[in-house]
Structures are given as structure tokens and as C-alpha cells.
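Participant: One structure coming up, written as C-alpha cells, with questions to follow.
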2 protein chains.
Amino acid sequence: MKIVFIGAGNLATHLSLALQQMGEQIVQVYSRTKTSASELAALLSVPYTTSTDKIIADADVYFYTVSDDALESLVQLPFATNAIHVHTAGSVSMDIFQGKKKNFGVFYPLQTFSKAKQVNFNKIPLFIEASSPEVETELFRLAHVVSEQVYRTNSEQRLKLHVSAVFACNFVNHMYQIASEMVKSADLPFEVLKPLILETAEKVMHLSPEQAQTGPAKRNDQGVINKHLEVLVELPALKQLYQDLSDMILNQYLHQS
Amino acid sequence: MKIVFIGAGNLATHLSLALQQMGEQIVQVYSRTKTSASELAALLSVPYTTSTDKIIADADVYFYTVSDDALESLVQLPFATNAIHVHTAGSVSMDIFQGKKKNFGVFYPLQTFSKAKQVNFNKIPLFIEASSPEVETELFRLAHVVSEQVYRTNSEQRLKLHVSAVFACNFVNHMYQIASEMVKSADLPFEVLKPLILETAEKVMHLSPEQAQTGPAKRNDQGVINKHLEVLVELPALKQLYQDLSDMILNQYLHQS
């Protein structure tokens, strides 16, 4: 099986290297950005191109690891119509390939990728959707090459997964950002928050988020909540956010105590 | 040094056991709730009382590990006025003891405690405030008995720390809760989110939250954001929260790209 990567960003880098390390044959990297294309190609020791005309036509699988907008235009290109074409986007329906390619699917990893941080692909859940049982078999095979956790999901489930990931990752990271600025305003280093951040994540490996919750909103401790709102009085957006999230937590636990 | 614990909740349990394991002498547990008092006393093999009249008067240190409201009334009790009286609350000023006790301070651990989950006290940052250099010396000694990370902070800094902790822990856990409900609505188990949750926390051990951010809001990807808002259309509070947090992230990165 010969594989082409269309896109050379964070996900392309981590996924192509993981596949190659496990013996899969990556034959080319395409990116419209020369730096990205050449950097990833060098890591993989394969040729690259920045021209869609020069994408190899006889590969078996094409991975599209590009932005949703770029995907929209790249699927229009009439090449390798019998190969398997796969995108990796959380919020794009598999049907984007419909009428343009014969064999296609989705290969969605639920993880946050930054170039500066290594990840163990083996522990990343992969969500597969395919245009036919034959394509599904091939995508499951490739998925199991790099990961222990592989699920079959349709486009609607995947979209909900992507929304979940925004809450569990991007919005969580923004909470870290807010907390970080707050400790700096108290002349303390971000370091003091690290054990709390790790423990909060590790807790939900063993307890449900509902069981793991602590804090003034859960206890309906209005005295503490009011003191905290006063600290935030000159940061109206944060004050509102604190109030809204406290109300949500409070409502969740209100009928339980 | 003889230590009395006033309060027998999650923090009292973890802290008193950690102190005792390191050779400190816990002599009594007080709680108004008999079950709590007797359970912790049994773990420590010490006597307990549920009556404030029977709190031992000749101990050296009294730890108040109770709710802010309970603390307010307990500090009024005129016992052991020459001993060191210490509360463990994030949002209560040290001055609550002023005029009632001679030697006092604060011993605030930045961590989330649940009875169902063990914690390694050694890695928990402790924040100390004291009414005199002598009390400070004693509280630093006790703090170093159980933890590697000990800081001196005043009541204002500690209040900001507590607000930070609400964002980095309680609100983060609420994001996990929302994500958990969302994956369940897609007929998938909470398990699929665990690697993402851990990686999101681990990333900020090495990168700043600002460097670690990913996702549609950071990229200003309105196409994805709009699809996600549509998924949330029947959950107006979550839709509003998604919009507000996306706007905050977007504004943070807007001037950087």
C-alpha cells in the first residue's frame, strides 16, 4: 500500500511518522507551503511537491490532513479516482467526497497536536467511517497499525465528538490561561498550579466528572463565590464567566444535596 | 508538638494522615458530625469529640479545616488562647483570628481533595501566612514535613490563588462534565476523551497555556465554529458558553497571526 499525505501540518507530521515507523510506505508529501512540505518530506525521507498537478496518481491511499477550507477545493481535483481518499477532519461530513471519488472515508484522531510536543499515537482513539465495507476493512487495518483504540462512527457522531473535544481540550486550556494570568497577578509562578491541573485531569481517569467536582459552586457557598466575584470586578468578562459557570455547576448539584 | 484537628472532612483526612505518617502527634479530632469525627479518629487512632467544650485545651497547634461559615463561629470560642490557631481556607483572611487568639496563621494547600482519591501530599504547594515570625517558623516547619513546595503569601494573594484554582480545577472539571454528556449523546463512552484530557493537562507542564492552545477559535475557523453552534442549538446555555469562550480565545490570538 502506497500512501500520499496531502497536508504537512501537526497532524500530518505525527500520523505519517507513526505509520512509517510501523512499516507503512509513505511515497509523497504535498503541501502548498514549501517549508511545511519540505520539512515533513525530510523527516520521512520521501519526495514532496507544492503543485497539485504533481501529486502521484498511482498511490493506494490519500490522506487529506488540511484545513476544512483547503479540503473543500482539494477534493475537486480529478486524480486517482479509484484509490482510497481519506480526510481527518472532525467536523466535515464524509459526503464531501461523494460524486468525486469512488472509495473514500474518514480517519479522525481525537487528540491535540502541537509540533513542539511528542505524542504516543498508540493511545489515541481513532474514529473511522468508510464508503464501503472494503474501504472500512482497509481503514481499520491502517488504524490498528498506529492505535489500540479504533471506533466506527458516522459523521454526526464525529461532529459531536469534535464539539466535546473543544470543551475538554481548547476550553480547558483557556481555563488554564485565565488561571495562569490570575496567579501572575498575585506575583506567583504558573508552576504552583501544575499539581492541581494534573490532579484534576487524573481524577476523572477514575471518577466521573460528576463525582470528581469540588469547590464553592458545588457546595453552593455564596460567601466564597461573592468574594471571588469581587476579585474579578475589574475584569467584567471573567466576572461574567465565573458567574455563568458557577450557576451551571450549582444547578447541576442543587437537587442532589 | 501536639496537634488538634477541628474539622474532619476531605482536607482534614488527607492532611492529618500525612502529618501523622511523618511523625507529628495528632491528639484529637473535633467535628460536629459524629460519623466524620469517629471515622477520622479511627484512621488516626486518636480520641474524638463532637462537643466544642471538650476540645483539648493544652495542644500546641489547632488546625481549623471547616467551612468558612463554621470557621466564623469556631474562632469565637475562648480556648487555648496561647496556642497556634491555623485555618486552611483559600478565601478567608488571616485576620479572622485577630483579637481572639494571640498566635495564628493560615496553612493553605492548593489541591482538590475527594475522599475517594488518594493524593501525594508531598507534591502539593502549601501557602503560609503567620501572625509573627515565630509562628511563621513553626508553620514552615510543619509545611515542610508534608510538602516540598512551601510559599509565603498574604491573604490577598491567597484569595487570588483560590480564584485561579476555581478556574484551573472546578471549571475545568465542569468542561469535562459537558464533554462527557456530549459524547454520551453520540453513543460513545467517556473513555474516548481520557487521552485528550490527560494530554491537554500534560501539555501545560512543558508549554505555557498560550503556546499550548489549538482548535477552531484559535485558528478563527468560523466554518467549524458555526457547525458546532448548530450542534448546540437546542442547548442554549451551552451554545452561549461555546460562543463566549470562543470569542475570548479568538480575541487573545487575533493580533498575533
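The values are calculated or read from the model by the stated rules, or taken from the named source; none is laboratory data. Owing to the predicted nature of the structure, the values given are computational and were not obtained by experimental measurement. When we count neighbours, we look across all protein chains shown, and the Cβ atoms used for this are built from the backbone with ideal geometry, even at glycine.
Participant: Which of the residues that make up segment A:220-230 are touching a residue at least 12 places away in the same chain (Cβ under 8 Å) and either closer than 18 Å to B:Pro236 by Cβ or facing chain B (nearest Cβ under 8 Å) (or both)?
Facilitator: Listed by number, the list holds a single entry, A:His228.
Participant: Something else: Any residue at all in segment B:152-159 that is closer than 21 Å to A:Leu245 by Cα and either assigned by TED's automatic domain parsing to the domain that holds B:Met94 or crowded, with 18+ Cβ neighbours inside 10 Å (or both)?
Facilitator: Yes, the conditions are met somewhere in segment B:152-159.
Participant: Right, another one. Please go through segment A:56-73 and give me each residue that is buried (at least 22 other Cβ atoms within 10 Å of the Cβ) and within 20 Å of B:Arg219 (Cα to Cα), ordered by number.
Facilitator: Correct list: A:Tyr64, A:Thr65, A:Val66.
Participant: What are the pairs, 6+ residues apart or on separate chains, where a residue within segment B:143-171 that is more than 7 Å from chain A (Cβ to nearest Cβ) has its Cβ under 8 Å from a residue that is among the basic types (Lys, Arg) and not in a strand (DSSP E or B)?
Facilitator: The qualifying pairs are B:Ser147/B:Lys123; B:Glu148/B:Lys123; B:Gln149/B:Lys123.
Participant: Shifting gears a bit: If I ask for residues that are among the small types (Gly, Ala, Ser) and farther than 13 Å from A:Ala116 by Cα, which ones from segment B:193-220 would you list?
Facilitator: B:Ala201, B:Gly215, B:Ala217, listed by residue number.
Participant: Still on this model: Within segment B:188-215, which residues are more than 7 Å from chain A (Cβ to nearest Cβ) and either under 22 Å from A:Ser93 (Cβ atoms) or among the β-branched types (Val, Ile, Thr) (or both)?
Facilitator: Answer for segment B:188-215, where residues must be more than 7 Å from chain A (Cβ to nearest Cβ) and either under 22 Å from A:Ser93 (Cβ atoms) or among the β-branched types (Val, Ile, Thr) (or both): there is none.
Participant: For a quick check of your reading: which helices (runs of 4 or more DSSP H) sit entirely within segment A:1-111 and have at least 2 residues that are modelled with pLDDT under 95? Break it down into steps so the answer makes sense when it comes.
Facilitator: Numbers: elements: A:10-21, A:34-44, A:68-74.
Output list reads A:10-21, A:68-74.
Participant: Could you run through segment B:48-64 and say how many residues are in contact (Cβ under 8 Å) with a residue 40 or more places away in the chain and over 30 Å from A:His228 (Cα atoms)?
Facilitator: Looking only at that region, the number is 6.
Participant: Report, by residue number, each residue of segment B:112-141 that is out of contact with any strand residue (DSSP E or B) (no Cβ under 7 Å at 6 or more places or on another chain) and either polar (S, T, N, Q) or modelled with pLDDT of 95 or more (or both). If you could, list the steps in order and put the result at the bottom.
Facilitator: At the first step, the residues of segment B:112-141 found to be out of contact with any strand residue (DSSP E or B) (no Cβ under 7 Å at 6 or more places or on another chain) are B:112-123, B:133-134, B:137, B:141.
Listed by number, the residues that qualify are B:Thr112, B:Ser114, B:Gln118, B:Asn120, B:Asn122, B:Pro133, B:Glu134, B:Thr137, B:Arg141.
Participant: Scan segment B:231-245 residue by residue and report those that are farther than 15 Å from A:Gln240 by Cα and within 9 Å of chain A (Cβ to nearest Cβ).
Facilitator: Across segment B:231-245, the qualifying residues are B:Val231, B:Leu232.
Participant: Considering only residues that are exposed (fewer than 15 other Cβ atoms within 10 Å of the Cβ) and either of a type in the set (Asp, Glu) or under 18 Å from the mean Cα position of the chain (by Cα) (or both), which ones fall in segment A:125-143?
Facilitator: The answer is A:Glu134, and nothing else.
Participant: Okay, moving on. Free of Cβ contacts under 8 Å to residues at least 12 places away in the same chain and among the hydrophobic types (A, V, I, L, M, F, W, C): is that true of A:Leu193 in this structure?
Facilitator: No, not satisfied.
Participant: A further question on this structure: Among the candidates A:Asn122, A:Asn82, which residue alone is away from chain B (no Cβ under 14 Å) and surrounded by fewer than 22 Cβ atoms within 10 Å (Cβ to Cβ)? Lay out the reasoning, then the answer.
Facilitator: Working: A:Asn122 fails: away from chain B (no Cβ under 14 Å).
Checking each option against the conditions leaves just A:Asn82.
Participant: Within segment A:95-117, can you find the residues that are free of Cβ contacts under 8 Å to residues at least 40 places away in the same chain and farther than 21 Å from A:Ile3 by Cβ?
Facilitator: Matches in segment A:95-117: A:Gln98, A:Gly99, A:Ala116, A:Lys117.
Participant: Take B:Lys115 and tell me if it is under 22 Å from B:His162 (Cα atoms) and surrounded by fewer than 21 Cβ atoms within 10 Å (Cβ to Cβ).
Facilitator: Taking the combined requirement at face value, the residue satisfies it.
Participant: Next question, about the same structure. Residues that are assigned by TED's automatic domain parsing to the domain that holds A:Phe167, under 30 Å from B:Phe121 (Cβ atoms) and of a type in the set (A, V, I, L, M, F, W, C): list the helices (runs of 4 or more DSSP H) wholly contained in segment A:179-257 that include at least 3 such residues.
Facilitator: Numbers: elements: A:194-206, A:209-212, A:216-219, A:222-231, A:236-254.
So the answer is A:194-206, A:222-231, A:236-254.
Participant: Here's a follow-up. Only one of A:Ser67, A:Ser45, A:Ser16 is free of Cβ contacts under 8 Å to residues at least 12 places away in the same chain and closer than 20 Å to A:Phe104 by Cα; which?
Facilitator: Exactly one residue qualifies, and that residue is A:Ser67.
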